[in-house]
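Novice: Before we start, here is the structure in question, set down as structure tokens.
We did not get these values from a lab; they are worked out from the coordinates using the rules stated. This one's a predicted model, so the numbers in the text were calculated from it and none came from an experiment. With ideal geometry, Cβ positions are generated from the backbone for all residues, glycine too; neighbour counts draw on all protein chains shown.
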Amino acid sequence: MWDSDNGSWHKVVTTVTPGGALEDGGSVIQKLRNLNNHFRSSKQLNGLSMIQKALSYPELQPLTDSDVRVAYTCKLIRRSIVNYAAFEAYFQSNKDSASVWSAITPLDWILAAEMEAATLHIANLALVESQSESLVSSYMVVFRRLAEKRLKSFKFQMMAIEAPKAKDENETTHRRVERTLDQFSEQGKICLRRTLLQLQARFPKVTKESMACVLLDPRTKHAAKKIAAVGNVSRKEEKAIYTSGLDYLRQEHRNVFGTMTKEKKIPLNQDFSSQNSSAFSQETSPFSSPASTGWDDEEDLLFGAPIRTNQTREEVKEQEVDARADRVLTEWLELEPDWLDVADCQNPSKSREELRKEMCIANDKGSYWSLLGLYRHVDVLRWFRDEGEDRFPSIALLARIHLGKVSSSAFQERVFSSGGIVMGPLRTRTDHRRAEKQLLLRHNRNELLKLKQDAKKAKEQKET
């Protein structure tokens, strides 16, 4: 940068976040932190608690943490908005210095609510979804798709800056108002753009491996084509993502099925027709019928009859095993479990009617299973253990291999760390090498513990 006063050039390092500058965003978050930190001492905290009791407000303590992750930042905004009326009453009735309260203008509160609405879904992913033990990698793809779609929408649900309506109200139940994109302030629109661009930059588009995970999860496989439409991709790219994932899964399944057949874990003469599926004819296979993928392949219309070739006995046997593997996979793709029965068995504390309301969605076109409802009430790994493994041993093995790969602490940190870029000055990021190391440590945790125990025993024996 040229310094006109000194007549010389100076080297300046500028960090540019895609989406535009958001100076007011970091300032508002810091003001909210200062406000909450004002109640660190027991005197101020007790005074606020008395106000909350007297006015029948929710007795929610201010957040005094200094975390900078997007999940905490959104939680800070939510808690502050719920406590807004209690804060106002406290500073009106006490002689405490009100500078931390007066520093936050009405426009600051509106911007804070807009930023919370902009980062709501990715923060929920960080706070709740990615920390669930039942989460598998297929649903990380679903949640990523859902977050991006909602960030591109025209309407958003923003927390109302008003007094709570009930004593048991909290951040989740506080009233929200609908706000269109046009009603957002300029800084609020910038936060929306930054959040979307960070989501797209930090979470890559669906790969063939992640698409295979979606197809291996019985809850998500029927929505695979919709999930393939991530980001601004063309119809041709959507088809390529879906078909490449399908081809990858087919080859992976052939390898696993062939190995299990050689090891006598699956009998080669197994009668698949006992499953009463219409998926056993080669004509209905999604791998032989272009129409079954949902897209038209004009070039396939020019194909004539297949050319016959002389094959060895081993090649014929391998083709037979592959054909059986494809029929099993086709049956799997057409499988439609009654998830209400499954959820009823897995959730004895909930009534069947409650589960039906939370797991089903109805519209003009008919009734559908809710992916979010299935996620909350169906443990797919337990389903594989109870039912799926008996009917589809090769699919169950692939599911154990693939469904746990993405759900790791590295993925969670990638979600968490985006807060510094979206709302504040701090920037952290999990590099690929560290993420790979974390994945290896996680998946080999039992083996590492065994090695440590063996080493400890060997050391004790040597000492004795």
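Novice: Can you tell me the length gained on complete extension of the stretch Thr64 to Ser42, counting 0.36 nm per residue apart and subtracting the Cα distance?
Specialist: My answer for the length gained is 6.7 nm.
Novice: Right, here's the next one. Over what distance in Å are the Cα centres of region 328-344 and region 172-223 separated?
Specialist: Each part's Cα centre sits 28 Å from the other's.
Novice: Taking 7 Å along the Cα-to-C-beta vector as the label spot, tell me the Lys155-Lys262 distance in nanometres, rounded to one decimal.
Specialist: Using points 7 Å along Cα→Cβ, the separation is 5.8 nm.
Novice: Report the full-extension gain for the segment Asp364 to Met50: residue separation times 0.36 nm, less the Cα-Cα distance, to one decimal in nm. Write down the numbers at each step before the final one.
Specialist: Values: separation 314, 0.36 × 314 = 113.04 nm, distance 5.09 nm.
Taking 0.36 nm per residue and subtracting the Cα distance, the gain is 107.9 nm.
Novice: Give me the one-decimal nm value for the distance between modelled label points at Asp386 and Ile307, 7 Å along each residue's Cα-to-Cβ direction.
Specialist: 5.3
Novice: Now a separate question. Test of understanding: what is the full-extension gain from Arg193 to Asn94, defined as 0.36 nm times their sequence separation minus their Cα-Cα distance? Please list the in-between numbers first.
Specialist: Details: separation 99, 0.36 × 99 = 35.64 nm, distance 4.07 nm.
So the extension gain works out to 31.6 nm.
Novice: Further question on the same structure: Explain nothing, just the number: dipole magnitude of region 17-200 about its Cα centre with +1 on each Lys and Arg Cβ and -1 on each Asp and Glu Cβ, in debye rounded to the nearest 20.
Specialist: Values: 24 positive and 20 negative charges, 44 e Å.
With Lys and Arg at +1 and Asp and Glu at -1, about 220 debye.
Novice: Classify region 304-393 as rounded, prolate or oblate from the Cα gyration tensor: take a ≥ b ≥ c as the square roots of its eigenvalues, call it rounded if a/c is under 1.5, otherwise prolate when a/b beats b/c and oblate if not. Walk me through the intermediate numbers first.
Specialist: On the way: a/c = 5.60, a/b = 2.29, b/c = 2.45.
The shape class here is oblate.
Novice: Just to verify a number: FRET efficiency for Thr180 and Asn255, C-beta to C-beta distance, R0 = 51 Å, to 0.05?
Specialist: The calculated FRET efficiency here is 0.50.
Novice: Between Ser349 and Ala201, what is the label-point separation in nm under the 7 Å Cα-to-beta-carbon projection?
Specialist: The modelled label-to-label distance comes out at 4.2 nm.
Novice: If r is the Cβ-Cβ distance from Leu107 to Lys11 and R0 is 51 Å, what FRET efficiency results, to the nearest 0.05?
Specialist: Details: r = 36 Å, r/R0 = 0.71.
Efficiency computed from Cβ-Cβ geometry: 0.90.
Novice: Fewest Cβ neighbours within 10 Å first, please rank Arg254, Arg202 accordingly.
Specialist: Working: Arg254 20, Arg202 16.
Listing Arg254, Arg202 from fewest to most nearby Cβ atoms yields Arg202, Arg254.
Novice: How would you classify region 17-200 from its alpha-carbon gyration tensor, with a ≥ b ≥ c the square roots of the eigenvalues: rounded for a/c under 1.5, else prolate if a/b is greater than b/c, otherwise oblate?
Specialist: Numbers: a/c = 1.95, a/b = 1.58, b/c = 1.24.
Verdict is prolate for region 17-200.
Novice: Below 8 Å between Cα atoms, with a sequence gap of 6+, how large is the relative contact order for region 17-200 in percent?
Specialist: Details: 209 pairs, mean separation 61.0, N = 184.
That works out to 33 percent.
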